[in-house]
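Enquirer: Mind having a look at this structure? Questions to follow.
Read-outs: derived from the displayed coordinates by stated rules, not from any lab. Quantities reported herein were computed from a predicted structural model and do not represent experimental measurements. Note that each Cβ is placed from the backbone with ideal geometry, even for glycine, and that neighbours are counted across all protein chains shown.
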Ligand SMILES: [Zn+2]
């Protein structure tokens with residue numbers, strides 16, 4: 001039965017749900033490698049550029065890239081603590097987002113920073129990427145932690 | 001050779017958190033009626049040759065092909081129409097597309113119809129829809145949220161250049177307080193019957209004490225979410241001169257792009273595209289654009305300045321309406337537009353240069369922070385505002401003379417999407 005929110009003006013509630021069969025295509029390997037404890041990026045040998053998030057095709061020369069394993073060590077390039085978010089992540093608040101500079105990677109990688117004292121986060125701080133043991137097959141299966 | 005193109009009329013609705021009194025198409029009609037009947041023009045509705053329809057999201061209303069509903073509702077069938085979408089830059093890109101339609105001769109008189117109704121879902125869901133305009137494989141799943149993305153960029157700008165939260169707060173105060181003299185503004189409860197009850201003037205202290213949404217951005221650093229519409233009419237030179245005694249010419253336009261994932265953008269040493277008044281030596285140690293600056297904004301300005309013959313924007317422009325989605329992005333945009341050196345944008349607002357009575361007023365309307373961000377309407381609103389400024393009638397439309405920039409002859413409008421993925425800038429002149 002239609003739920004009525006107001007009569008003047010007439011406002012009704014219309015729920016809407018859907019589910020997509022979403023393919024990660026050629027970047028699937030990033031996610032499937034995580035279960036072996038490997039963090040993979042892609043590299044264009046022609047442009048000498050390594051991408052994470054991975055790209056199957058180099059945007060600079062349109063050659064196909066190859067997979068390379070990376071160490072997952074790096075530093076914080078910039079950070080923010082979130083106290084509000086989209087509906088889906090309200091339950092996680094507050095949390096920290098960081099762009100990290102990773103060893104052997106030429107792009108910055110956006111991820112969460114899991115840290116005990118959020119006030120201690122600093123630009124330039126050393127981090128190490130961690131991999132979830134319970135994969136959700138999403139980019140949130142990896143995150144950064146301080147390297148001690 | 002492209003034909004000369006002028007703006008000849010504009011119209012806006014009152015902007016509000018929720019305009020539940022009207023549907024989207026009824027809001028568009030409200031703005032179209034103002035454009036056709038409240039401007040000093042000799043133009044019948046039937047003389048409009050086609051429309052450019054500007055709206056961002058199909059999700060907010062769960063209705064696809066809304067452009068067709070608008071075209072029908074406003075009575076323009078069977079004339080040509082096209083829908084333009086480019087995230088936050090939707091409105092500016094629609095104005096630019098209408099310019100191209102008229103300049104090319106495809107249309108003699110074009111109406112740009114911008115609108116968005118964001119209130120039919122709750123704010124957190126609305127933010128989630130907006131976040132779907134970020135990379136949904138990589139950036140959204142970790143807790144992606146646009147204020148978070150801009151906060152990361154703002155924090156890096158602070159690191160690179162020493163920009164402060166106080167300087168950001170000054171942008172919020174300027175724009176919010178300008179809006180208190182604009183009757184269309186959502187934060188203006190005195191003049192706007194649909195205005196927010198807790199609107200009104202603010203101080204730097206108010207901004208600094210408002211709660212963090214995403215450090216370093218606080219609630220009052222962040223733009224509004226709005227319902228509303230904006231309509232602009234453009235015409236060819238021949239038509240424009242018949243329609244009005246005071247056409248406002250579009251003399252330059254540019255557009256730029258950058259990677260959806262800001263982390264994928266280059267960090268090239270000395271990579272700044274140099275504007276005519278700049279010296280390459282200034283930036284020889286700067287990695288660019290990184291996540292501190294908007295390369296697409298720089299690129300759009302570079303093209304627009306070249307086309308309009310602008311070699312020193314701070315001196316040659318009299319007013320700017322720019323996309324202040326965040327106070328930090330207004331400061332970043334000052335630099336992209338070449339109003340200040342990279343790194344000195346914060347000082348520009350601190351020195352009062354961009355205040356309503358400063359050398360180059362920025363967002364005299366109140367901008368996205370003070371007046372509205374009904375996404376598809378936003379860039380069109382900026383063009384309407386600049387059109388009224390350059391005609392010298394801003395006070396008449398706003399209901400207060402305090403927003404009119406004295407003797408404004410040339411202005412810039414700037415429309416920006418998702419952390420600088422799409423940006424467009426255009427020059428308008430008397
Ligand atoms: Zn390549």
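Enquirer: If we count other beta carbons within 10 Å of each Cβ, what is the order of B:298, A:138, A:133, fewest first?
Expert: A:133, A:138, B:298
Enquirer: I'd like the distance separating the alpha-carbon centroids of region B:102-170 and region B:48-96, in whole Å.
Expert: Their Cα centres are 20 Å away from one another.
Enquirer: In nm, give the distance between the simple-model label positions of residue B:268 and residue B:26, each being 7 Å from the Cα along the Cα-to-Cβ direction.
Expert: Here the modelled spin labels are 5.2 nm apart.
Enquirer: Helix-derived [θ] at 222 nm for chain B: sum -39500 (n - 2.57) over DSSP H runs of at least 4, divide by residue count, nearest 500?
Expert: After summing the helix terms and dividing by residue count, I get -10000 deg cm²/dmol.
Enquirer: Taking beta carbons within 10 Å but only from partner chains, what does the mean come to for residues B:155-168?
Expert: On the way: counts 8, 7, 1, 2, 6, 2, 0, 0, 0, 0, 0, 0, 0, 0.
Shielding by partners across B:155-168 averages 2.
Enquirer: Per-residue counts of other Cβ atoms within 10 Å, averaged by peptide: what ranking do you get for A:98-105, B:241-248, highest first?
Expert: Result, highest mean first: A:98-105, B:241-248.
Enquirer: Averaged over peptide A:89-102, how many Cβ atoms belonging to another chain are found within 10 Å of each residue's Cβ?
Expert: 4
Enquirer: So if each residue of separation counts as 0.36 nm, and I subtract the Cα-Cα distance between residue B:40 and residue B:208, what length gain in nm does that give? Can you show the working numbers first?
Expert: Numbers: separation 168, 0.36 × 168 = 60.48 nm, distance 4.32 nm.
Full extension of this stretch gives 56.2 nm more.
Enquirer: Same structure again: Rank these for me by crowding, A:125, B:111, B:1, going from fewest to most other beta carbons within 10 Å.
Expert: Taking fewest neighbouring Cβ atoms as first place, the list is B:1, A:125, B:111.
Enquirer: What order do you get for B:208-215, B:182-189 when each peptide is scored by the mean count of other beta carbon atoms within 10 Å, highest first?
Expert: B:182-189, B:208-215
Enquirer: So for chain B, what are the equivalent ellipsoid semi-axes in whole Å, largest first, each being the square root of 5 times an eigenvalue of the Cα gyration tensor?
Expert: 30, 24, 21
Enquirer: Under the rule of -39500 (n - 2.57) per DSSP H run of 4 or more residues, summed and divided by the residues of chain A, what mean residue ellipticity at 222 nm is obtained, to the nearest 500 deg cm²/dmol?
Expert: Per the formula, -1000 deg cm²/dmol.
Enquirer: Same structure again: Show me A:9-15, B:257-263, B:222-228 ranked by packing, highest mean number of other Cβ atoms within 10 Å first.
Expert: Answer by packing, highest mean first, reads B:222-228, B:257-263, A:9-15.
Enquirer: Report the Stokes-Einstein translational diffusion coefficient (µm² s⁻¹, integer) for the protein assembly as shown, Rh taken as the Kirkwood radius over Cα pairs, at 20 °C with viscosity 1.002 mPa s.
Expert: Rounded to a whole number, D works out at 88 µm²/s.
Enquirer: Counting other beta carbons within 10 Å of each residue's own, what order do B:412, B:36 fall into, fewest first?
Expert: Arranged by neighbour count, lowest to highest, B:412, B:36 become B:36, B:412.
Enquirer: Also: May I ask you to derive the FRET efficiency for residue A:56 and residue B:136 from their Cβ-Cβ distance with R0 = 22 Å, giving the value to the nearest 0.05?
Expert: 0.80
Enquirer: Now, a different point. For region B:24-183, what log10 I(q)/I(0) values come out of the Debye formula at q = 0.11 1/Å, with one point per alpha carbon and no solvent?
Expert: Those come out to -0.63, one per q.
Enquirer: Please give the Cα centre distance for region B:364-389 versus region A:43-117, rounded to the nearest Å.
Expert: 35
Enquirer: Oh, and also: FRET efficiency for residue B:407 and residue A:46, Cβ-Cβ distance as r, R0 = 45 Å, nearest 0.05?
Expert: Using R0 = 45 Å, I get an efficiency of 0.20.
Enquirer: Ok, one more. When DSSP beta bridges are limited to those with both residues in the protein assembly as shown, what percentage is antiparallel, rounded to the nearest 5?
Expert: Of the beta bridges lying entirely in the protein assembly as shown, close to 85 percent run antiparallel.
Enquirer: In whole percent, what relative contact order does chain B give with Cα contacts below 8 Å and a gap of six or more residues?
Expert: Details: 1100 pairs, mean separation 110.6, N = 430.
Across chain B, relative contact order equals 26 percent.
Enquirer: Of all alpha-carbon pairs in region A:1-97, indicate the percentage at a distance above 17 angstrom.
Expert: Considering region A:1-97, 72 percent of its Cα-Cα pairs are separated by more than 17 Å.
Enquirer: In whole Å, what are the Cα extents of region B:233-298 along the three principal axes, biggest one first?
Expert: Cα spread of region B:233-298 along its principal axes, largest to smallest: 53, 29, 14 Å.
Enquirer: Taking Cα pairs under 8 Å and at least six residues apart, what relative contact order does chain A come out at, in percent? Working shown, then result.
Expert: On the way: 259 pairs, mean separation 25.7, N = 148.
Relative contact order of chain A: 17 percent.
Enquirer: For region B:100-152, go through all pairs of different Cα atoms, get the mean of 1/r, take its inverse, and jot down that Kirkwood value in Å.
Expert: Evaluated on region B:100-152, it is 14.0 Å.
Enquirer: Expressed as a fraction of 2.2 N^0.38 Å, the rule-of-thumb size for a compact globular protein of N residues, what is the C-alpha radius of gyration of region A:42-148?
Expert: Normalised Rg, Cα atoms only: 1.16.
Enquirer: For residue B:281, put the label point 7 Å out on the Cα→Cβ axis and report which residues of region B:310-341 keep their amide N under 17 Å from it.
Expert: Under cut-off, by backbone N: B:341.
Enquirer: Within region B:93-127, find all residues whose amide N lies under 13 Å from a label point positioned 7 Å from the Cα of residue B:2 along Cα-to-beta-carbon.
Expert: Inside the label zone: B:95-105.
Enquirer: Continuing with the same structure: Give me the distance in nm between label points sitting 7 Å out from Cα along the Cα-to-Cβ direction at residue B:430 and residue B:197, one decimal.
Expert: 4.3
Enquirer: Per residue of A:49-56, count partner chain C-beta atoms within 10 Å of its C-beta, then hand back the mean as an integer.
Expert: If you average over the peptide's residues, the count of other-chain Cβ atoms is 2.
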